[in-house]
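The values are calculated or read from the model by the stated rules, or taken from the named source; none is laboratory data. Everything numeric in this text was worked out from a predicted model, so none of it was measured. Cβ placement follows ideal geometry from the backbone for every residue including glycine, while neighbour counts extend to all protein chains displayed.
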């Protein structure tokens with residue numbers, strides 16, 4: 001078990017803007033693809049004690065499909081002043097259900113479509129749901145490949161809500177910010193509605209865990225420079241895609257390599273998530 005603390009102390013109200021909770025109490029009787037043991041709220045509190053983050057955003061994991069009960073429960077346990085959530089929904093969600101989710105701390109909906117065959121949502125659901133959640137002040141969070149961003153650029157430009165792109169917008173290496181998706185996102189960013197999560201560096205890193213994901217630094221720094229007020233950091237705990245789990249403290253320290261000064265780190269950890277998720281200021 002990792003026990004070390006980050007080299008840099010987290011500022012007050014620092015937010016981990018992307019993580020998942022897994023709790024068997026909320027599983028149905030079917031197969032739980034991707035379920036992670038040892039990833040309860042109690043387990044996550046131990047991670048918070050090491051990283052020093054006080055706020056968090058719980059993202060409904062794929063194992064739960066469109067049942068967001070585990071996320072609402074986690075928000076309640078962590079306290080709504082310090083926790084928010086991102087749900088997974090389909091267009092049949094009712095207005096009453098949306099209101100209840102909002103009261104429970106949900107502030108966005110996620111479309112995980114990088115492997116559409118395994119998804120519980122689809123591209124044709126994005127626009128109609130974005131229209132509905134925009135009225136609540138929510139955003140749409142997109143875990144898409146860079147190529148999917150290119151293919152659906154016209155739709156992205158039409159969306160009325162804020163747009164949050166997961167995991168550095170999944171720009172593949174070695175292309176990185178030379179991939180056409182980067183220019184599309186930068187163009188959309190002029191509207192002030194586009195955010196990027198600095199999370200999951202292992203998903204596109206070639207250097208990997210042993211290389212400290214150093215090859216992701218250029219992409220991260222470019223996003224920080226391009227969107228200084230619309231980047232947020234996330235641990236992606238408990239790293240369900242990884243057979244060899246990275247240390248949360250080491251991932252936290254990477255932000256110091258991507259953002260050169262304390263003021264920028266504070267903005268990414270405190271000010272930006274407070275704005276995006278509606279935390280008290």
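Starting from the stretch 179-193, keep only residues that are in contact (Cβ under 8 Å) with a residue 24 or more places away in the chain and on the phi < 0 side of the Ramachandran plot, then list their pairs with residues that are exposed (fewer than 14 other Cβ atoms within 10 Å of the Cβ) and part of a helix (DSSP H, G or I) whose Cβ atoms are within a distance under 7 Å, requiring at least 6 positions of separation or different chains.
Matching pairs, first to second residue: 188/157.
Say whether the condition of being in a helix (DSSP H, G or I), within 16 Å of residue 236 (Cα to Cα) and touching a helix residue (DSSP H, G or I) at 6+ places or on another chain (Cβ under 6 Å) is met by at least one residue in the stretch 51-66.
yes
Select from the stretch 73-98 the residues that are in a helix (DSSP H, G or I) and either at pLDDT below 95 or surrounded by 13 or more Cβ atoms within 10 Å (Cβ to Cβ) (or both) and list them in ascending order.
73, 74, 75, 76, 77, 78, 97, 98
Within the stretch 39-50, can you find the residues that are out of contact with any helix residue (DSSP H, G or I) (no Cβ under 7 Å at 6 or more places or on another chain), assigned to a helix (DSSP H, G or I) and surrounded by 17 or more Cβ atoms within 10 Å (Cβ to Cβ)?
If the condition is that a residue be out of contact with any helix residue (DSSP H, G or I) (no Cβ under 7 Å at 6 or more places or on another chain), assigned to a helix (DSSP H, G or I) and surrounded by 17 or more Cβ atoms within 10 Å (Cβ to Cβ), then 44, 48 are the ones that fit.
Can you confirm whether the stretch 231-248 contains a residue that is within 23 Å of residue 183 (Cα to Cα), crowded, with 16+ Cβ neighbours inside 10 Å and out of contact with any strand residue (DSSP E or B) (no Cβ under 6 Å at 6 or more places or on another chain)?
Looking for residues that are within 23 Å of residue 183 (Cα to Cα), crowded, with 16+ Cβ neighbours inside 10 Å and out of contact with any strand residue (DSSP E or B) (no Cβ under 6 Å at 6 or more places or on another chain), one finds none in the stretch 231-248, hence no.
Does any residue in the stretch 139-153 that is farther than 22 Å from residue 87 by Cβ come within less than 7 Å, Cβ to Cβ, of a residue that is surrounded by fewer than 17 Cβ atoms within 10 Å (Cβ to Cβ) and modelled with pLDDT of 95 or more six or more places away or on a different chain, and which pairs are these?
Every condition considered, the pairs that remain are 146/172; 150/180.
Tally time: how many residues in the stretch 99-116 are outside any loop (DSSP other than H, G, I, E, B) and closer than 21 Å to residue 281 by Cβ?
The total comes to 5.
For the stretch 117-141, name all the residues that are touching a helix residue (DSSP H, G or I) at 6+ places or on another chain (Cβ under 8 Å) and either assigned to a loop (DSSP other than H, G, I, E, B) or surrounded by 13 or more Cβ atoms within 10 Å (Cβ to Cβ) (or both).
If the condition is that a residue be touching a helix residue (DSSP H, G or I) at 6+ places or on another chain (Cβ under 8 Å) and either assigned to a loop (DSSP other than H, G, I, E, B) or surrounded by 13 or more Cβ atoms within 10 Å (Cβ to Cβ) (or both), then 120, 122, 123, 126, 127, 132, 133, 136, 138, 139, 140 are the ones that fit.
If residue 254 satisfies every condition in (1) in a helix (DSSP H, G or I); (2) touching a residue at least 60 places away in the same chain (Cβ under 8 Å); (3) under 17 Å from residue 214 (Cα atoms) but one, which is the exception?
Exception for residue 254: condition (2).
Give the residue that is surrounded by the fewest Cβ atoms within 10 Å (Cβ to Cβ), with candidates limited to residues of the stretch 205-223 that are in contact with a helix residue (DSSP H, G or I) (Cβ under 6 Å, 6 or more places away or on another chain) and either at pLDDT below 95 or under 20 Å from residue 19 (Cα atoms) (or both).
Result: 205.
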